[in-house]
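Below is one structure, written out as structure tokens; the observations come after it.
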Amino acid sequence: MHTFFHRLGIWRYVLVVIFISILMIVILIKTISLLRQEAISTHRHIAQLHAQAIEEHFSQTLQTVNNTIDQIPFLSSNQDSYEIIEHLFQILLRNAPYIRSFSLLDMQGKILTSSTPANQNISIDLQQFLPIPFEDKPLLRIGVPWVGRDFSSSYSSTPKQPVAKDHISFIPVIKKIFFNNKPYIIAVALNTDYFNNQYLHALPLQDGTVSLWRIDGILLFSSDKTLLLGSSHNALTHSLNKDIETLVAHFATQHHTLIDAYKLASTMPFVVDIEMHEDFVLGYWDKERHKILLISVFLISLSSLLVLLLFLRYYKEVLRQKQQISYEKQFRLAMEATQTGLWTWHYDTNVLTWDPECYLLLGYQPFEFEISWEKLFELTHPDDANSMFASIQSQITEHPEFVIERRMRNPKGQWVWIQVRGKVIEYTLDNKPLFLTGVYININTQRQAEELRISAVAFETQEAILITDASEKILKVNHAFTKITGYSSEEIIGKSPRILKSNKHDKAFYQSLWHSLETEGYWQGELWNKRKNGEIYAEYIMITAIRNEVGIITHYLANFNDITNYKAAEEKIHELAYYDPLTHLANRRLLHEKIDQILSHNHQNYTIYYALVFLDLDHFKQLNDTFGHDAGDMLLVQVAKRLLDCTRSSDIVSRPGGDEFVILLENLGNNALQSSFMAQSVAKKILFYLNKPYELAHGEYTMGASIGITLFSNDGTKTLDVLMKEADSAMYSSKSKGRNQICFYEHPLVKENESRLT
Amino acid sequence: MRWFIIFFMASALTYSQADILEDIQKTHQLRVCVWPEYYGISYIDPRMQTLEGIDVDLAKELAKTLQANLSFIESSFATLISDVENHRCDIAMFAIGKTKQRQEHLYLTSPHLSSDIYAIVSKYNNRIQQWNDIDKPDIIVAVAKGTYHVDVMKNHLKYAKLLIVDSLHAREQEVEAGRADVFMTDFPFGIHMVSEHPWAKLITPTEPFHMTPYGWAIAKNEKKFADRVESFIKEIKADGRLFKAAKRHQLESIIVTKP
């Protein structure tokens, strides 16, 4: 049953609602029916109250009449004088609108005297009056209605001939009295109109009618004009000997509506019958009932419909929520899996909240601490902490979103990279941020991977990189290393970098290198090493000692560039700048720099002499002209060789240009004379060798040279130009003395003195 | 007129010879004394002047049995003895309690009813809530003259004052008007008081107080008639007519059915 009900799904709600609606309508109908019963009972009660009130009124009226009659003998002082009695009647009629007349009758029913004189001598049938007294006691007895105003010119009605509708009528009552023990009867004509007025006032015709029946069923009075006075109640067989029970049973059975009521008088022989007009009393109610029923049924149906709709919506909502829960679960799992935490930030109050994942992704227990800006600063890397707030603010002033990345400390004290993404989702009225929310994403892994990638890229540069452990065992090399050294990483890993040694550096060099590494943590400089193929190469190397957190060297990192080519180029440039391309002798520039160098070192305490030898080939132009420039160049090269052979390596042989050569003889001692001898001997040697034949393309060729020498010291008294002029001048002296000679420069004054001496 | 007087005298002589039964059978006339204010026993309805009550019903039964026409004669407890002794009626049928005084003058039939004494107070009388509250100082207890209640209460009351009034109705008027606190009555009158008068409250004795058997009264020395009535009583007890009549007037609880 349960599963069946369950399987009905939404239909079970529909069924329940329909059931409840039907139940409500049934209850409503039942309630309205009960209310109708209640209304009937209320109106019956009202009818009963009317009946009781009218019964009491009529009983009291009769009682008053009874008492009045009883008073008559006393008031007339027991005198049966008609005159007195008639006068008394007149007095008694005052203030008694319910009485038309008093009459005095003899025991046979003949009127002896009356308040209405016309009544006199009229006989009344005393048998018509009820009740018939037990043992002839004096009782007030009620007659049947009479047609007419009073006894005169009137007649009593019978059930067969009741009082016609438009006829005036009265009800006679009689009582036996005694004047001085002499019995008489007093008859009183009761005014039916009076009762009509009274009872119509109490119970208006539209509400219902009141009827007074004598206890034997003769109608004494009714506000219902369709009932004729004197008629018999619902064909009640007319008998004066009916007992009360029979009469009561008759009245009880003759009531045709539920709201009618009757009241049997307690002491007088009459019944008050109230017939409420059901149409009037309940008609409006019935009409309203239908209206209420219709409206209620409509409303109930409407509410049921609404309830059903609500159920449907609820049902859908539940389904949606179920899906949402699973979606939320997924979302939560995804957040966990991606180490993403949610945060909020009340911008105006600076209140922050973290969800548990925020704590977890940093390695803390959820809600281990209360998050605040202070705490956030404390957790954030100082480098990031200072800039992050400004960064966020500058970002959110331009657009709602912001992204920053910062390092945050985990419980182990390590820094974890966190990407903070956020968005302003609420603004104040003046468009200032009010509420922000966003996520923390643990990007440590990405960061590390990125760093690794960058490292890897950086590692693979044009610069060779070599990493060893502390025991100098190679751990890693890059492609550039392989390219420079010729060793692949497979070949070199695990080996020592000593394999690269070129033996070009001495022990002291390496000691200094290691010392620098240990004390300063690095060394940089040029190093000559050997390639796999044995070739020596130069490198510019930077070696770094990598220490762990406690300061012990764990690794060495060496990065270097092959600078061999650079070295060669450097030499070439030097060559081009300072040497003659043909003879590879120093050029004028080198010579001049050298001389300047010597001359600038004049601060030395001791004097050293130098000689500048100016040499010009004799008749070199002739060779050129005869055998061409190639022959000339060939000769120049051989001259250069012979000059180099004749001088010390410390001397500088230069070819400033053409067929001129200048030789700087260095360090000729501190004695001027000895120096000049030494210079002369070198010059002589040069001249000797230069005079030897030269092997040229076309054959041997001989050529002499004119040499001029000037001596100078490092005292700085002579300038370069002076020296050059002096040497040149000495050379021209040789030329002028016939060539192939050696001349020293002589100061003109010295020369003058010499010539004076000679 | 003369003949009438002779007849009357002759009748009177006949009665003195004490054979009522013969008279009844001869004249087919049964004259029954009733007290027409005795609720449930012999009460005259003021509206139709019809007599109602258990003893009225039983009187009708008796008349039927005796094949006589029935006529009721008004009597009372105050005039009971004289009415019966003087032959105003052949039999007094209004629940006559068996008292010594009455037995001295009258023949009382076997009881057909038996009632204890009950008290009627005003509902709003806070001083009397239960039977034991009656015999207290400053309490005025009303009883009707001629009833056996007079002697019973005279003997019983130690502190309360006894007020003897002329009629049964006078008792209730005294209590309703506050001139007395309580009046003593029997069961038939008591229950009718309560049902007819909203102000009346019935107080029942906490234990049997003074059970009095009720019967009818016949003049002494009328053995034939008395026997005839006794046999009638046996008959109605046996055939249920007593019960039926009692039930009609809600008195079935106090009928005496033992022969």
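The values are calculated or read from the model by the stated rules, or taken from the named source; none is laboratory data. Quick caveat: nothing in here was measured; it's all calculated off a predicted structure. Glycine gets a Cβ as well: all are built from the backbone with ideal geometry, and neighbour counts include every protein chain shown.
Results, tabulated for the structure shown:
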read-out	value
Flag for A:Lys423 being touching a Leu at 6+ places or on another chain (Cβ under 7 Å), among the basic types (Lys, Arg) and either touching a residue at least 12 places away in the same chain (Cβ under 8 Å) or not in a strand (DSSP E or B) (or both)	yes
The listed residue being more than 14 Å from chain A (Cβ to nearest Cβ), more than 30 Å from A:Pro269 (Cα to Cα) and over 13 Å from the mean Cα position of the chain (by Cα), out of B:His105, B:His112	B:His105
Residue check for B:Glu252: acidic (Asp, Glu), over 27 Å from B:Ile20 (Cα atoms) and without any contact (Cβ under 8 Å) to a residue 24 or more places away in the chain	yes
Test result for B:Asp133, over 30 Å from B:Arg241 (Cα atoms) and either of a type in the set (Lys, Arg) or crowded, with 16+ Cβ neighbours inside 10 Å (or both)	yes
Qualifying position, being more than 14 Å from chain B (Cβ to nearest Cβ), out of contact with any helix residue (DSSP H, G or I) (no Cβ under 7 Å at 6 or more places or on another chain), farther than 22 Å from A:Ile27 by Cα and among the hydrophobic types (A, V, I, L, M, F, W, C), among A:Phe311, A:Phe298, A:Phe280	A:Phe280
Residue check for A:Ile573: in contact with a Ser or Thr (Cβ under 8 Å, 6 or more places away or on another chain) and over 22 Å from A:Asn667 (Cα atoms)	no
Failed item in (1) closer than 24 Å to A:Asp633 by Cβ; (2) at pLDDT 85 or above; (3) not acidic (Asp, Glu), with A:Ser675 passing the rest	(1)
Residue within the stretch A:403-413 that is at positive phi and either out of contact with any strand residue (DSSP E or B) (no Cβ under 9 Å at 6 or more places or on another chain) or not in a loop (DSSP other than H, G, I, E, B) (or both) present	yes
Counted residues, the stretch A:456-504 - those being out of contact with any Ser or Thr (no Cβ under 8 Å at 6 or more places or on another chain) and among the charged types (D, E, K, R)	9
A:Asn442 being touching a residue at least 24 places away in the same chain (Cβ under 8 Å) and within 30 Å of A:Gly413 (Cα to Cα)	yes
Residue list for the stretch A:453-511, filter: among the polar types (S, T, N, Q), within 22 Å of A:Trp523 (Cβ to Cβ) and part of a helix (DSSP H, G or I)	A:Thr485, A:Gln511
Sole exception among (1) without any contact (Cβ under 8 Å) to a residue 24 or more places away in the chain; (2) over 30 Å from A:Phe402 (Cα atoms) for A:Lys504, by number	(1)
Conditions (1) without any contact (Cβ under 8 Å) to a residue 12 or more places away in the chain; (2) over 30 Å from B:Tyr107 (Cα atoms): number failed by B:Lys201	(1)
Lone qualifier among A:Tyr184, A:Tyr199, A:Tyr194 - being under 27 Å from A:Met107 (Cα atoms), assigned by TED's automatic domain parsing to the domain that holds A:Glu55 and of a type outside the set (D, E, K, R)	A:Tyr184
Sole residue being surrounded by fewer than 21 Cβ atoms within 10 Å (Cβ to Cβ), over 28 Å from A:Gly217 (Cβ atoms) and in the same structural domain as A:Leu228 (by TED's automatic domain parsing), chosen from A:Gln60, A:Gln71, A:Gln52	A:Gln71
Hits in the stretch A:124-174 (condition: modelled with pLDDT of 90 or more and at positive phi)	A:Gly148
Output for the stretch B:172-181, where each listed residue is crowded, with 22+ Cβ neighbours inside 10 Å and of a type in the set (A, V, I, L, M)	B:Val175, B:Ala180
Top-ranked residue of the stretch A:521-553 - restricted to ones that are exposed (fewer than 11 other Cβ atoms within 10 Å of the Cβ) and more than 17 Å from A:Ile492 (Cβ to Cβ), ranked as modelled with the highest pLDDT	A:Ile552
Selection from the stretch B:182-229 of residues that are of a type in the set (Asp, Glu) and either in a strand (DSSP E or B) or crowded, with 17+ Cβ neighbours inside 10 Å (or both)	B:Asp186, B:Glu222
Some residue of the stretch A:620-643 being under 17 Å from A:Tyr732 (Cα atoms), surrounded by 13 or more Cβ atoms within 10 Å (Cβ to Cβ) and in the same structural domain as A:Val682 (by TED's automatic domain parsing)	yes
Selection count where residues are outside any loop (DSSP other than H, G, I, E, B), within 14 Å of chain B (Cβ to nearest Cβ) and surrounded by fewer than 20 Cβ atoms within 10 Å (Cβ to Cβ), scope the stretch A:130-181	4
One residue from A:Ile54, A:Ile91 being in a helix (DSSP H, G or I), modelled with pLDDT of 90 or more, in contact with a strand residue (DSSP E or B) (Cβ under 6 Å, 6 or more places away or on another chain) and away from chain B (no Cβ under 14 Å)	A:Ile54
Those residues of the stretch B:83-92 which are more than 14 Å from chain A (Cβ to nearest Cβ), in contact with a strand residue (DSSP E or B) (Cβ under 7 Å, 6 or more places away or on another chain) and of a type outside the set (Gly, Ala, Ser), in sequence order	B:Val84, B:Glu85, B:His87, B:Asp90, B:Ile91
Search result, residues across the stretch B:39-82 that are more than 11 Å from chain A (Cβ to nearest Cβ), over 14 Å from the mean Cα position of the chain (by Cα), closer than 24 Å to B:Ser231 by Cβ and not acidic (Asp, Glu)	B:Lys60, B:Leu62, B:Ala63, B:Lys64, B:Thr65, B:Leu66, B:Gln67, B:Ala68, B:Asn69, B:Leu70
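Rundown of residues vs (1) of a type in the set (Phe, Trp, Tyr); (2) within 16 Å of the chain's Cα centre (by Cα); (3) modelled with pLDDT of 90 or more, yes/no style:
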| residue | (1), (2), (3) |
| --- | --- |
| B:His197 | no, no, no |
| B:Leu202 | no, no, yes |
| B:Pro205 | no, no, yes |
| B:Ala217 | no, yes, yes |
| B:Asp227 | no, no, yes |
| B:Glu230 | no, no, yes |
| B:Ala238 | no, no, yes |
| B:Arg241 | no, no, yes |
| B:Ala245 | no, yes, yes |
